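Colleague: Just dropping this structure here.
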Amino acid sequence: MTPWLSVVGMGDDGWTGLPKSYQLVVQAADVLVCGERHLDLVPSKANRETILWGSPLVTTVEQIQFHKGKQVVVLATGDPLDFGIATTLLRYFNKDELKILPSPSSLSLACAKMGWSRQDVDCLSVHGRPIELLNSFLYPGAKLLVLSHNSSTPRQVAGLLTKSGYGSSSMTVLSHLNGDKESQVTATANAWEYDRGADLNIIAIDCTAETERDLFGRVPGLPDEAFISDGQLTKRTIRASTLSRLRPTPGQLLWDVGAGSGSVSIEWMRHHPRCRAIAIEHNDNRLGFLAENMMALGTPGLKVIKGAAPLALEGLEQPDAIFVGGGVRDRKIIDFCFKSLKPAGRLVANAVTLEAEAVLLSFFAEKGGSLERIALSAADPVGGLHGWRPAMPVTQYCLIKE
């Protein structure tokens, strides 16, 4: 198939910064798709139709589809596949229909300015996303590049870093890279004084933790104190065992049924930025705790469904893994979850009560899988000495669907 849709990346240096071969592609376009900023940077052509990006984005995509067969050129910023529009277009068009012509991305240019190796840098975008996403990327010595939403983003990021114990981190805001208006401002997060700058900016952060005592890693089993809860929480050791059996995998989807404060689904998503999860919970108080926890721990993309299983599960995207932590006494929930699970999907359920354990035993007798009883004891004061105080044992069921 001959490509009819070209995506041309343009830097802040505009038309003159494009290679001659890129300029010829733009000049030959029957239809030009771009924003106002790019439209002012390219030579006009009388017999060329121009489409400006609309909202929602899909309306413009439909216009592009209508012009299939003509030479359509989309003007993008930098590398269209690096947090760019080409990633979106590939969801709607076959890759053989597209010709992608990248310029250096703002991320590559920022690395060059900072003297950072690209492979040592974590990159994320908070353009149209909550800045709390940054929380899951923080660790001592991390080098981060953050694509801003607008000129107010650096101050918001500085506030978040300070609140999260990374106020000593160095922040460099780079604006209009490779353009006539290029600028660079550097300060620590806790001393950030710059209110307004350019809307087109990228933030380079060299992370320094003020103390490493309370840092959270990505290994399953965050301290229970990391979560706001009413006490109804899958405890740290049990949670680590649960997640090891759920096996978080980038791109895969977890159902957290009876999510409570969201500890399991949040840790699933913290494993990797591309892990996805849906938390199902009906209790209003716990939904409030869940909302606070997902922001504080850097997983604002966690999808939350208010409702009770199994009714609330109907119509949801088919999952790769399911955790049932609440309501396991109802056999209908386990049956619905098993039916919904993808082939080779993982089902894990924890039970504390005899009634819930009876449900798991009956399901185990029919479907197989594995059962384990986990009994934990913690050292506790006994007078002036210490002894072991046992917690309630947990029965853990695990099944990999054939």
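The values are calculated or read from the model by the stated rules, or taken from the named source; none is laboratory data. Just so you know, these numbers come straight off a predicted model, no measurement behind them. In this analysis, Cβ positions are derived from the backbone assuming ideal geometry, glycine residues included, and neighbour counts consider all displayed protein chains. These accessible areas exclude ligands, DNA and RNA; they are computed on the full protein's heavy atoms, side chains included. Shrake-Rupley method; radii C 1.70, N 1.55, O 1.52, S 1.80 Å.
The rows are residues; the columns are (1) surrounded by fewer than 17 Cβ atoms within 10 Å (Cβ to Cβ); (2) at pLDDT 95 or above.
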residue	(1), (2)
Gly165	no, no
Met171	no, yes
Leu174	no, yes
Gly179	yes, no
Gln184	yes, no
Ala189	no, yes
Glu193	yes, no
Asp199	yes, no
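Colleague: Please return the ranges of helices (runs of 4 or more DSSP H) entirely within the range 1-71 where 1 or more residues are within 32 Å of the chain's Cα centre (by Cα) and surrounded by fewer than 19 Cβ atoms within 10 Å (Cβ to Cβ). Give the steps one after another, and end with the answer.
Modeller: Details: elements: 20-27, 36-39, 57-66.
Answer list for the range 1-71: 36-39, 57-66.
Colleague: Out of all the residues in the range 72-93, which are among the hydrophobic types (A, V, I, L, M, F, W, C), open to solvent by less than 40 Å² (accessible area, probe 1.4 Å) and under 22 Å from the mean Cα position of the chain (by Cα)?
Modeller: Start the filter on the range 72-93 by keeping residues that are among the hydrophobic types (A, V, I, L, M, F, W, C), which leaves 72-76, 81, 83, 85-86, 89-90, 93.
So of that shortlist, the ones also open to solvent by less than 40 Å² (accessible area, probe 1.4 Å) come out as 72-76, 85-86, 89, 93.
Ile85, Ala86, Leu89, listed by residue number.
Colleague: Quick check on my filter: what residues within the range 108-144 are closer than 30 Å to Ile64 by Cα and either in contact with a Phe, Trp or Tyr (Cβ under 8 Å, 6 or more places away or on another chain) or among the hydroxyl-bearing types (Ser, Thr, Tyr) (or both)?
Modeller: Residues satisfying the conditions are Ser108, Cys123, Leu124, Ser125, His127.
Colleague: Check off (1) in contact (Cβ under 8 Å) with a residue 40 or more places away in the chain; (2) exposed (fewer than 15 other Cβ atoms within 10 Å of the Cβ); (3) within 34 Å of the chain's Cα centre (by Cα); (4) over 18 Å from Ile278 (Cβ atoms) for Ala391 and give me the number that stays unchecked.
Modeller: Going through the list (1) in contact (Cβ under 8 Å) with a residue 40 or more places away in the chain; (2) exposed (fewer than 15 other Cβ atoms within 10 Å of the Cβ); (3) within 34 Å of the chain's Cα centre (by Cα); (4) over 18 Å from Ile278 (Cβ atoms), Ala391 breaks only (3).
Colleague: When only residues in the range 104-118 that are modelled with pLDDT under 95 and open to solvent by 70 Å² or more (accessible area, probe 1.4 Å) count, which is nearest to Gly9 (Cα to Cα)?
Modeller: Across the range 104-118, the extreme among qualifying residues is Pro104.
Colleague: I need the full set of residues from the range 312-331 which are farther than 15 Å from Lys367 by Cβ and open to solvent by 50 Å² or more (accessible area, probe 1.4 Å), in order please. First the steps, then the outcome.
Modeller: As a first pass, look at the range 312-331 and keep what is farther than 15 Å from Lys367 by Cβ: 312-321, 323, 325-327, 329-330.
Glu314, Gly315, Glu317, Gln318, Arg329, Asp330 - these are the residues of the range 312-331 that are farther than 15 Å from Lys367 by Cβ and open to solvent by 50 Å² or more (accessible area, probe 1.4 Å).
Colleague: If Val121 satisfies every condition in (1) open to solvent by 60 Å² or more (accessible area, probe 1.4 Å); (2) at pLDDT 95 or above; (3) within 20 Å of the chain's Cα centre (by Cα); (4) not acidic (Asp, Glu) but one, which is the exception?
Modeller: Against the list (1) open to solvent by 60 Å² or more (accessible area, probe 1.4 Å); (2) at pLDDT 95 or above; (3) within 20 Å of the chain's Cα centre (by Cα); (4) not acidic (Asp, Glu), Val121 comes up short only on (1).
Colleague: Something else about it: Being under 23 Å from Leu109 (Cα atoms) and either touching a residue at least 60 places away in the same chain (Cβ under 8 Å) or open to solvent by less than 30 Å² (accessible area, probe 1.4 Å) (or both) is the filter here; which residues of the range 134-151 pass it? Lay out the reasoning, then the answer.
Modeller: First pass over the range 134-151, keeping only residues under 23 Å from Leu109 (Cα atoms): 134, 137-138, 141-151.
Listed by number, the residues that qualify are Leu134, Phe137, Leu138, Gly141, Ala142, Lys143, Leu144, Leu145, Val146, Leu147, Ser148, Ser151.
Colleague: So, one more: Tell me which residues, restricted to the range 225-240, are outside any loop (DSSP other than H, G, I, E, B), surrounded by fewer than 19 Cβ atoms within 10 Å (Cβ to Cβ) and in contact (Cβ under 8 Å) with a residue 24 or more places away in the chain.
Modeller: Those that are outside any loop (DSSP other than H, G, I, E, B), surrounded by fewer than 19 Cβ atoms within 10 Å (Cβ to Cβ) and in contact (Cβ under 8 Å) with a residue 24 or more places away in the chain: Ala226, Thr237.
Colleague: Go through the range 243-292 and give me each residue that's in contact with a Phe, Trp or Tyr (Cβ under 6 Å, 6 or more places away or on another chain) and not aliphatic (A, V, I, L, M).
Modeller: Once the filter is applied, which keeps residues that are in contact with a Phe, Trp or Tyr (Cβ under 6 Å, 6 or more places away or on another chain) and not aliphatic (A, V, I, L, M), the range 243-292 yields Pro248, Asp256, Ser261, Ser263, Cys275.
Colleague: Another question, then. Taking Leu254, is it surrounded by fewer than 24 Cβ atoms within 10 Å (Cβ to Cβ), farther than 10 Å from Ile228 by Cα, of a type in the set (A, V, I, L, M) and at pLDDT 95 or above? So that I can check it myself, show each step before the final result.
Modeller: Details: surrounded by fewer than 24 Cβ atoms within 10 Å (Cβ to Cβ): no; farther than 10 Å from Ile228 by Cα: yes; of a type in the set (A, V, I, L, M): yes; at pLDDT 95 or above: yes.
Criteria not met by Leu254.
Colleague: Next question, about the same structure. Within the range 292-311, how many residues turn out to be open to solvent by 50 Å² or more (accessible area, probe 1.4 Å) and in contact (Cβ under 8 Å) with a residue 12 or more places away in the chain? Can you show your working first?
Modeller: So in the range 292-311, the residues open to solvent by 50 Å² or more (accessible area, probe 1.4 Å) come out as 292, 295-296, 301, 303-304, 306, 308, 311.
Retained after the next criterion (residues that are in contact (Cβ under 8 Å) with a residue 12 or more places away in the chain): 292, 295-296, 301, 303-304, 306, 308.
Number satisfying all stated conditions: 8.
Colleague: Among the numbered criteria (1) in contact (Cβ under 8 Å) with a residue 60 or more places away in the chain; (2) over 25 Å from Leu371 (Cβ atoms); (3) among the hydrophobic types (A, V, I, L, M, F, W, C); (4) open to solvent by less than 60 Å² (accessible area, probe 1.4 Å), which single criterion is violated by Cys337?
Modeller: Tallying (1) in contact (Cβ under 8 Å) with a residue 60 or more places away in the chain; (2) over 25 Å from Leu371 (Cβ atoms); (3) among the hydrophobic types (A, V, I, L, M, F, W, C); (4) open to solvent by less than 60 Å² (accessible area, probe 1.4 Å), Cys337 fails exactly one: (2).
Colleague: Still on this structure, I have one more. Select from the range 320-375 the residues that are within 25 Å of Pro390 (Cα to Cα), touching a helix residue (DSSP H, G or I) at 6+ places or on another chain (Cβ under 7 Å) and of a type outside the set (A, V, I, L, M, F, W, C) and list them in ascending order. Even if it seems obvious, please write down each step before you answer.
Modeller: Here is the first cut: in the range 320-375, the ones within 25 Å of Pro390 (Cα to Cα) are 323-329, 348-361, 370-375.
When the remaining residues are screened for being touching a helix residue (DSSP H, G or I) at 6+ places or on another chain (Cβ under 7 Å), the result is 323-325, 327-329, 348-351, 359, 371, 374.
Listed by number, the residues that qualify are Gly325, Gly327, Arg329, Asn350.
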